[in-house]
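The values are calculated or read from the model by the stated rules, or taken from the named source; none is laboratory data. Since the structure is predicted, the reported quantities are computational estimates derived from the model, not experimental observations. Here the Cβ positions follow ideal geometry from the backbone for every residue, glycine too, while neighbour counts run over all protein chains shown.
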Amino acid sequence: MDDQNLKDLEREQADNKLIGDAFQKLLDTYLSSRHRKKVDIVTKAFNFARQAHKGVRRLSGEPYIMHPIAVAQIACEEMGLGSTSICAALLHDVVEDTDYTVEDICNIFGEKVAQIVDGLTKISGGIFGDKASGQAENFKKLLLTMSDDIRVILIKICDRLHNMRTLASQPANKQYKIAGETLYIYAPLANRLGLNKIKTELENLSFRYDHPQEYANIEHKLADTEAQRDTLFAQFTAPIREVLDKTGVKYKLKARVKSPYSIWNKMQNKHVSFDEIYDILAVRIIVTPKDRTNEVNECFRVYVAISQIYKSHPDRLRDWLNHPKANGYQALHVTLMSKQGRWIEVQIRSDRMDEVAEKGFAAHWKYKEGGEYTEDENELNDWLSTIKEILDDPQPDAMDFLDAIKLNLYASEIFVFTPKGEIKTMPANSTALDFAFQIHTFLGSHCIGAKVNHKLVPLSHKLNSGDQVEILTSKSQHVQPDWISFVSTAKAKSKIMAILRRDSREIQKKGETILTEWLQKNNMEMTNSIVDKLCEYHNIQQHETFFQSIGEHCLILGDKDLDELQGKNKKPKQSAGGWRNFIPFLGKNKSKEETTGIVKTQELFVVGKDFNKKKPLILTEENINQFIFPSCCHAIPGDDIMGFIDNKNRIEIHKRSCNIAAKLKSSYGNRIVDAKWDMHKQMLFDATIEIKGIDRKGMLLDVSKIISDQLGINIHKLTISSDNGIFDGTIELRVHDREEVKTIMDQLKTIDDLQEVQRIL
């Protein structure tokens, strides 16, 4: 036997051992659960999948079958799912990647498994294709199949979690696409299904690949401050343990540390440093009740006991015990003042609630009566009906559709009462109009105002938890376009948009009739080229918008239009209907001012057929002017960046943390390119810093001294205003890179009475 054959044999034996061990671990996990032990069908699914994927390897080099086993392991161990789900997880890529069909799966494993595999096949390959509409359609399929069987989405989340855990083997542009998609869609989905542990891991992994440096910094700081937290936890919990031991309650105390992603998110949103985040540590008290029916009372007993030791924050009591969140989460949150002068959040819940908080809906099944249990999705019906409502009339625009879904996924909740005392759960920031649409579309479309706690309020009034709301209607009221600007729920938005679209179609028809009659009067026929000419003349992009303008009488056809059609106009085109220039598509070049170094103007780089998306794009002084820098995020050297190929095959450069970039990553994944800086402090870029603090004599002098004298940076513009002894200002600077901005900010923070320093652009 030659060396090659020997190597192949050794490799095959090593693979077989690897696969055998992984499957044995899966079986052991399954057998230790409370599910009915259907080992035969699980083994059958494994052997079938192994045969189907034979000889195929992942990018990481391991046999492909290791991926389905890992997905099944997550489904069983981390979600607590049973044999049907494990089989579907093992088979989830078979139809997609091999010659087997859904019918084959149905004949061998039964209809239920085949239905789930079919649902997963439709949405595999990332939920988005190259086209925006395709991506929305795929996501719609995901939600529709999910409303038939929730296990589709649960296994999809397991699949995504394993892909994120093994993302290191993918090229950088793929990493940004998958990480962006995960953060935009899958983490909110996991959150909505109550899979808190998985949601946190998905967020952290996305953050790790998008901003590796910042992730490492936070990890390092968390490790450095661990000893301090341990001491604080021990000091804070010692009196609590003493009191609870006396009461005879069976309990566990856990420390909960904020995840790196949550910390970073808070640092970005609140513009604070790591040291200024005080809620990194929270305490969890998990009660094991003597009597399961009495668990809520047991939790309240604990609260009464600990509030005698520490003073609680009056506005920070959250009772999720009597009013669980829509994803099943139950707990009592209370914030207590420690002896060290720090507010510490304490979460009180039972052992059952704790498991539901970590595993979500899947954990509900564990507490059914009887020793064994089957998967039953009745608990999910309420939530699934809201999803179906959104799907009734999805927006034609993919981005809008995703945003609408996302609105309802991540929203924290408030409780509102109807006049008859019924309780309704609404997303936070909901308005009176959202509430009207929540009850009924007719009520929403004819709503003129509301009474909140018996006081008259406008439609845009934001509701608070505990409000009692009565909706006032009028038959003469119709849906108004400005409503869209203040509603916040997906249902209200989609219904308003649908009604407005229906109305605008009628106006467009009217406009089309007016145009046809006007052309006939002037002995012309309505053709596409004539409409194109008129659109161009009035600076309107779409025919529909043009017809609508005529229908609304915002645009009156006259002699000048006739001259234009007959070619008599030689004057520059006049712009009409400026207010109609809606927000342009993201691909528009908005910036020439970003690159301020003295460089000759260059043609923009256009992506050709032979362009390699896997290779990073290197930005240098020579080529920087060939790329577009949109004004949404204003990237400068040192920022984590990516490239995006726009509709005209030009490349836009975005910060990876930019909101628009987040949408692009999750919607146009195939157009993402990795980009890196290779700049040598030769060119200057604009950066804006915002400062706030207590006003005093000489403050401005101190600021300018540090920037101009000490650091030698050119101040482009400085505006400062003072009000009642508090000042705020903005400083526009010309800098070489992000490092310089950081140095300036660190130096400014040393000035007395200067409280806040942050980069805004």
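Those helices (runs of 4 or more DSSP H) of segment 137-194 in which 2 or more residues are at pLDDT below 85, more than 24 Å from residue 659 (Cβ to Cβ) and of a type in the set (A, V, I, L, M) occupy 151-165.
Of all residues in segment 78-93, those satisfying the criterion of being at pLDDT below 85 and closer than 17 Å to residue 165 by Cβ are 78, 79. Can you find a residue in segment 174-187 that is among the acidic types (Asp, Glu) and farther than 25 Å from residue 77 by Cβ? No: zero hits.
Just one of the listed residues (710, 758, 747) is of a type outside the set (D, E, K, R) and touching a His at 6+ places or on another chain (Cβ under 6 Å), and it is 758.
Please work out if residue 729 is of a type in the set (Gly, Ala, Ser), within 36 Å of the chain's Cα centre (by Cα) and closer than 30 Å to residue 188 by Cβ.
Values: of a type in the set (Gly, Ala, Ser): yes; within 36 Å of the chain's Cα centre (by Cα): yes; closer than 30 Å to residue 188 by Cβ: no.
It is false that residue 729 is of a type in the set (Gly, Ala, Ser), within 36 Å of the chain's Cα centre (by Cα) and closer than 30 Å to residue 188 by Cβ.
Exactly one residue out of 160, 165 is assigned by TED's automatic domain parsing to the domain that holds residue 61 and either surrounded by fewer than 19 Cβ atoms within 10 Å (Cβ to Cβ) or of a type in the set (Ser, Thr, Tyr) (or both): that is 165. Taken together, the criteria place residue 45 among residues that are surrounded by 14 or more Cβ atoms within 10 Å (Cβ to Cβ) and in a helix (DSSP H, G or I). Beta carbons closer than 6 Å, at least 6 apart along the sequence or on distinct chains, pair a first residue in segment 649-669 that is crowded, with 24+ Cβ neighbours inside 10 Å with a second that is among the hydroxyl-bearing types (Ser, Thr, Tyr) for 665/176; 666/184.
How many residues does segment 253-264 hold that are of a type outside the set (Ser, Thr, Tyr), assigned to a helix (DSSP H, G or I) and within 21 Å of residue 335 (Cα to Cα)?
First pass over segment 253-264, keeping only residues of a type outside the set (Ser, Thr, Tyr): 253-258, 260, 263-264.
From what is left, the residues that are assigned to a helix (DSSP H, G or I) are 260, 263-264.
Add one more test, that the residue is within 21 Å of residue 335 (Cα to Cα), and what stays is 263.
The qualifying residues number 1.
Here is the figure for segment 737-761: residues that are within 32 Å of the chain's Cα centre (by Cα) and part of a loop (DSSP other than H, G, I, E, B) total 3. Filtering 282, 305, 255 for residues that are touching a Lys or Arg at 6+ places or on another chain (Cβ under 6 Å) and modelled with pLDDT of 85 or more leaves a single hit, 282. Of the residues contained in segment 656-675, none is found to be assigned by TED's automatic domain parsing to the domain that holds residue 737, of a type in the set (Asp, Glu) and touching a strand residue (DSSP E or B) at 6+ places or on another chain (Cβ under 7 Å).
Restricting attention to segment 157-211, report how many residues are among the small types (Gly, Ala, Ser) and within 16 Å of the chain's Cα centre (by Cα). I'd like the intermediate steps shown before the answer.
Taking segment 157-211 first, the residues among the small types (Gly, Ala, Ser) are 168-169, 172, 179-180, 187, 190, 194, 206.
Right, trim to within 16 Å of the chain's Cα centre (by Cα) and you get 179-180, 187, 190, 194, 206.
So the count comes out to 6.
Regarding residue 702, is this residue more than 23 Å from residue 212 (Cα to Cα) and either assigned by TED's automatic domain parsing to the domain that holds residue 273 or not in a strand (DSSP E or B) (or both)? Yes; evaluated as a whole, the condition is true for this residue. For residue 508, the stated conditions hold: it is in contact with a Gly (Cβ under 7 Å, 6 or more places away or on another chain) and among the polar types (S, T, N, Q). So for segment 6-14 (the condition being out of contact with any Ser or Thr (no Cβ under 6 Å at 6 or more places or on another chain), under 22 Å from residue 165 (Cβ atoms) and surrounded by 15 or more Cβ atoms within 10 Å (Cβ to Cβ)), does at least one residue qualify? No, every residue in segment 6-14 fails to be out of contact with any Ser or Thr (no Cβ under 6 Å at 6 or more places or on another chain), under 22 Å from residue 165 (Cβ atoms) and surrounded by 15 or more Cβ atoms within 10 Å (Cβ to Cβ). Check segment 72-95 and report whether any residue there is crowded, with 21+ Cβ neighbours inside 10 Å, out of contact with any helix residue (DSSP H, G or I) (no Cβ under 7 Å at 6 or more places or on another chain), assigned to a loop (DSSP other than H, G, I, E, B) and in contact (Cβ under 8 Å) with a residue 40 or more places away in the chain. Yes, there is a match, as at least one residue in segment 72-95 is crowded, with 21+ Cβ neighbours inside 10 Å, out of contact with any helix residue (DSSP H, G or I) (no Cβ under 7 Å at 6 or more places or on another chain), assigned to a loop (DSSP other than H, G, I, E, B) and in contact (Cβ under 8 Å) with a residue 40 or more places away in the chain.
All told, residue 640 falls short of being assigned by TED's automatic domain parsing to the domain that holds residue 739 and closer than 30 Å to residue 757 by Cα. Name the residues in segment 723-751 that are touching a strand residue (DSSP E or B) at 6+ places or on another chain (Cβ under 9 Å), over 24 Å from residue 682 (Cα atoms) and exposed (fewer than 13 other Cβ atoms within 10 Å of the Cβ), would you? Matches in segment 723-751: 725, 726. Among residues that are farther than 25 Å from residue 355 by Cβ, out of contact with any helix residue (DSSP H, G or I) (no Cβ under 9 Å at 6 or more places or on another chain) and free of Cβ contacts under 8 Å to residues at least 40 places away in the same chain, residue 227 is included.
I'd like to check something: does segment 250-258 contain any residue that is over 36 Å from the mean Cα position of the chain (by Cα), under 23 Å from residue 354 (Cβ atoms) and without any contact (Cβ under 8 Å) to a residue 24 or more places away in the chain? Let's see the steps before the verdict.
As a first pass, look at segment 250-258 and keep what is over 36 Å from the mean Cα position of the chain (by Cα): 250.
From what's left, under 23 Å from residue 354 (Cβ atoms): 250.
Pick out the ones that are also without any contact (Cβ under 8 Å) to a residue 24 or more places away in the chain and you get none.
Taking every residue of segment 250-258 in turn, none turns out to be over 36 Å from the mean Cα position of the chain (by Cα), under 23 Å from residue 354 (Cβ atoms) and without any contact (Cβ under 8 Å) to a residue 24 or more places away in the chain.
How many residues, within segment 49-71, are in a loop (DSSP other than H, G, I, E, B) and not aliphatic (A, V, I, L, M)? If you could, list the steps in order and put the result at the bottom.
If we filter segment 49-71 for residues that are in a loop (DSSP other than H, G, I, E, B), which is where we start, we get 53-56, 58-62, 64-65.
Still in the list and also not aliphatic (A, V, I, L, M): 53-55, 58, 60-62, 64.
The total comes to 8.
Residue 235 fulfils the conditions (1) without any contact (Cβ under 8 Å) to a residue 60 or more places away in the chain; (2) touching a Lys or Arg at 6+ places or on another chain (Cβ under 8 Å); (3) over 28 Å from residue 168 (Cα atoms) except for a single criterion, (1).
Within segment 220-252, the residues that satisfy the criterion of being in a helix (DSSP H, G or I) and surrounded by 14 or more Cβ atoms within 10 Å (Cβ to Cβ) are 221, 222, 229, 232, 233, 236, 237, 239, 240, 243, 244.
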